1. Given a Förster distance of 25 Å, report the FRET efficiency between Ala27 and Asp63 from their Cβ-Cβ distance, rounded to the nearest 0.05.
2. Short version: ³J(HN,Hα) in whole Hz for each residue of segment 56-70, in order, from phi by Karplus 6.51 cos²θ - 1.76 cosθ + 1.60 (θ = phi - 60°), x for Gly and Pro, what are they?
Amino acid sequence: MDLNGISAVITGGASGLGEGTARKLTAAGVRCTIFDRNEDGAKKVAADLGANYVAGDVTNPDDCQRAVDQARAATSASPSTAPGLAGWAVSSTATTPRTT
């Protein structure tokens, strides 16, 4: 699957599994927005990857909207979510994976 040009919001992207996901996706050509409550950590990972970051909490709808808006600005495609992939959502014209 060609991921080049896709934009993704990586929740919890400042450390651990989220950071690892952001690093793998960036290496595959995805434009990541790091979304985490840990602003310093999000800034560091974003700087390392040449990515955007949003400091915020996934339980706050306004914070989530800021993250989606920033990811949308990184690509011209309409955003879509990937419900089967915890921790990230993609914004592209690619087919969204289905969960069973």
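1. Numbers: r = 27 Å, r/R0 = 1.06.
That pair, Ala27 with Asp63, gives E of 0.40.
2. Per residue, the Karplus-derived 3J(HN,Hα) values read x, 10, 5, 8, 9, x, 5, 4, 4, 5, 4, 5, 5, 4, 5 Hz.
Computed from the coordinates by the stated procedures, all read-outs in this text should not be read as laboratory data. The shown structure was predicted, so the numbers you read here are calculated from the model rather than taken from an experiment. Don't worry about glycine lacking a Cβ; one is built from the backbone with ideal geometry, like all the others, and counts go over all protein chains shown.
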